[in-house]
Amino acid sequence: MALASISLSLNSNLFSQHTALTAGYLDTTKDIATHVDEHKALPSAPIKRSASRTSDELVHHGDIRDDIRQRPALVVAKGGLTDHHLLAASDQNAGNLVTMSAGGNAGGLGRMLNDLFRSNRGITPLGYRRGRGSMQNWRHGRHETAKFDVEHAATAIAEPEKKAADAERKKRVLILMSDTGGGHRASAEAIKCTFEQEYGDKYEVTIIDLWKEHTPWPFNQMPKSYSFLVRHETLWKVAFYATKPKFVHQPQMAATSAFVAREVSKGLDKYKPDVIVSVHPLMQHIPLRVLRSRGLLHRIPFTTVVTDLTTCHPTWFHRLVTVCFCPTKDVAQRALKAGLQPPQIRVHGLPIRPAFAKPPAAPRDELRRVLGMDPDLPAALLIGGGEGMGPVEATARALAATLAPGAEGGGAKGQLVVICGRNKKLLAKLQAASWPVPVLLKGFVTNMPDVMAACDCIITKAGPGTIAESMIRGLPMVLNDFIAGQEAGNVPYVVENGTGLFEENPKEIARIVADWFGPKADQFKQMAANALRVARPDAVFRIVRDLDQLACRPHTLDNVTFAFT
C-alpha cells in the first residue's frame with residue numbers, strides 16, 4: 001500500500017489462549033513496537049515508525065495513562081503479550097492504545113477500529129467502562145484479531161489543519177512526454193503555459209521525458225532511436241504497423257516494465273503529482289502498471305492527451321486512464337474501439353500554445369513591416385519543421401521562380417518566408433543564395449503566431465501541431481510530406497475538410513500557390529474560411545480546466561500526500 005512506511009507486521013505466534021481480564025486493572029505489556037506520534041504533527045510530515053518502548057519504560061516516565069493522555073496516539077503492540085488488551089484513558093481527550101494479534105477474523109474489531117479512527121479525539125471503545133479503568137471481555141469474552149486499512153486510519157486521525165495545509169500548497173501536475181518529434185513537447189509546453197496563464201502559482205507543472213530521464217540504458221535512448229527510424233521509412237513502417245495489434249504491444253510493454261518499472265516508480269516518487277498527463281503514446285502502459293501495483297490507480301488521476309489527429313497508434317489508449325482527451329471525433333472512435341468507455345473520452349481538440357487563441361497583435365500589413373517583409377505582397381510561409389527537414393530548398397527556389405516578375409513586366413506576384421528550424425546548414429545555404437522575390441529567412445522561431453498571422457498560406461509537412469495552428473490562423477495549406485503511420489491520416493483530414501491540398505513536387509506546389517494568389521483567389525478564400533471553421537483555438541483551455549477539476553478532487557488532497565512517502 002501507499003503508506004509503506006507504517007509497518008504493522010505482527011508475528012502469528014505471539015498470543016496464547018485468551019485469559020480473563022481482572023476488572024479495574026490493566027496488565028502490563030512487555031513490548032510496544034510502534035508508537036505513532038501525536039496526530040497534530042501529521043499534516044507537516046508523514047507518519048513514521050518510532051522506536052519501541054516497553055510498558056516498564058512508560059511506567060518509569062509516569063503512569064501509563066498519563067503518558068498516553070499527554071501524547072494522544074495510536075499504539076500497536078507487537079509481541080510478548082499473553083493476553084489482548086484495549087486501553088482508553090478516562091477523559092475525553094485521552095489517546096488510544098490498541099493491541100492486536102496477527103491473522104484471524106478481522107470483522108468485528110476491524111469495523112470498530114475504522115469507526116474509532118474516524119474521530120480525531122480519544123474515545124472510549126465499545127466494551128470498556130469509562131472512568132473506572134476496567135476492561136470487559138470483548139464480544140462475549142472472545143478477542144478477534146484485526147487487519148485494518150492503514151491509509152484510512154492515518155487519514156482519519158489527522159486534524160482538520162491537514163486539509164487546510166493541503167489546500168494551501170501548490171498542486172502538482174506531472175506531464176509525461178518524450179522528444180520523439182517536436183509535437184509532443186509542443187503540446188506539453190502548451191498545457192504548462194495555459195496552467196500558468198489561467199491559475200498563476202496555484203499549480204506547479206513539471207514536464208519530464210520519462211524514457212530519457214527515468215529509465216536505464218538502452219530504453220533511455222528512445223529519442224535517438226526514433227530519429228533514426230523516421231529517416232529510414234521502411235524501418236519505421238515495420239516498427240509502427242507491426243506493433244499495432246494488442247497481442248504484440250501489450251506483452252512488449254509488460255516485458256519492458258520488468259526492466260524499467262523501478263526507475264519509473266522513483267520518478268513518480270520524486271514529483272509526487274496530484275494529476276498525471278501523458279502526451280505520448282508510450283507513456284500510458286508502464287506508469288499505469290506502477291500506479292496499480294502501488295494501490296494508487298484510483299487516487300491519482302491519470303490522463304492522456306492524444307496529439308495525433310487521426311491515424312494514431314493503439315498504444316495511445318489504455319482502459320485504466322481517468323480521461324482520454326481526443327483531438328478529433330475520429331480519434332474518439334478509435335478510443336472506443338480500443339475499449340475505453342464514453343465517460344472516459346472528451347473531444348476538445350489539439351492543445352496549441354495559448355498565444356494562438358488570441359487575435360493577431362496587429363493588422364497583417366503592420367505585422368509584415370515589423371517582421372521586415374513587404375507590407376503589400378501576399379506571402380507564402382514555407383516550414384521545414386523543427387529540424388528543417390524535407391525538400392525545403394527545392395521548394396523555396398521553385399516558389400521564388402514562379403512568383404517572380406514575368407517577362408511581360410510587372411512586379412512580383414508574392415513573397416516568401418522560410419523557416420529552417422534548427423538546421424543551421426540549410427539556413428546558411430539559403431542566405432548565400434540570390435532571390436528574385438522578397439524572401440525572409442529564419443532559423444528556429446518563437447513568435448510563430450505573429451509569423452503565421454503575417455502570411456496568407458503555408459507549405460508544410462503534415463505535422464498535427466502545424467496543421468492545427470494553421471487552421472486557427474485561417475491559412476490554406478499545401479502538405480508536401482508526412483511521416484508514415486501517425487501522420488498518414490492527416491492528409492485526408494486536411495483535404496476532406498477543404499482546408500488544403502497535398503502535393504510533393506516543388507514545381508507543382510509553386511503553381512498551386514501562384515494560382516491562389518491570382519486566378520483561383522475565390523477557391524483560396526473559401527479554403528481560408530473552412531480552416532477557421534474547423535479550428536479549435538480554445539482546446540488547450542478546455543483541457544486544462546478539466547485537469548484542474550481532476551486535481552481538485554477531495555481524495556487527491558486527502559491521500560496523495562501520503563501516497564509517495
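What follows draws every value from the coordinates through simple rules; no lab data is involved. Predicted model only: the values in this text are computed from it and were never measured. Cβ: placed from backbone, ideal geometry, glycine included. Neighbour counts: every protein chain shown.
Students often get this wrong, so check it: of Lys224/Lys270; Lys212/Lys244; Lys192/Lys425; Lys171/Lys212; Lys212/Lys272; Lys202/Lys246, which have C-alpha atoms separated by over 29 Å?
Cα-Cα > 29 Å for Lys192/Lys425; Lys202/Lys246; rest within.
Computed on the stretch 180-310, the Cα convex hull volume stands at 126 Å³ per residue.
Applying the Karplus relation 6.51 cos²θ - 1.76 cosθ + 1.60 with θ = phi - 60° to the stretch 269-277 yields 3J(HN,Hα) values of 4, 5, 9, 6, x, 8, 8, 10, 10 Hz, where x marks Gly and Pro. Of interest is the spacing of the C-alpha centroids, which for the stretch 413-452 and the stretch 205-284 amounts to 34 Å.
For a Förster distance of 25 Å, can you work out the FRET efficiency between the beta-carbons of Glu213 and Leu235, rounded to the nearest 0.05? Approximately 0.45, to the nearest 0.05. Multiplying the residue separation of Ala432 and Ala254 by 0.36 nm and subtracting their alpha-carbon distance yields 58.8 nm. Full extension of the chain between Ala401 and Ser227 gives 59.4 nm of extra length, using 0.36 nm per residue less the Cα-Cα distance. In order along the stretch 325-342, the Karplus-derived 3J(HN,Hα) couplings, from 6.51 cos²θ - 1.76 cosθ + 1.60 at θ = phi - 60°, round to 8, 10, x, 9, 5, 4, 5, 4, 5, 5, 5, 4, 5, 7, x, 6, 9, x Hz, and Gly and Pro are given as x. Placing unit charges on the Cβ atoms of the charged side chains and taking the dipole of the stretch 332-468 about its Cα centre, the candidate lying farthest along the positive direction among His348, Leu371, Thr460 is His348.
Once backbone amide H atoms are built at 1.01 Å from N, Val205 has Val173 as its partners under 5 Å, excluding neighbours fewer than 5 places away on the same chain. For the pair Ala361 and Val445, the difference between a 0.36 nm per residue extended length and the Cα-Cα distance amounts to 28.6 nm. Please list, by residue number, everything in the stretch 448-487 whose backbone N is under 19 Å from a paramagnetic label point 7 Å out along Cα→Cβ of Glu508. In the stretch 448-487, the label zone of Glu508 (backbone N under 19 Å from the point 7 Å along Cα→Cβ) covers 458-463, 477-484. Rg and Dmax of the stretch 336-481, both derived from C-alpha coordinates alone, stand at 17.4, 64 Å. Label zone (Val370, point 7 Å along Cα-to-C-beta; backbone nitrogen cut-off 13 Å) within the stretch 438-473: 447-455.
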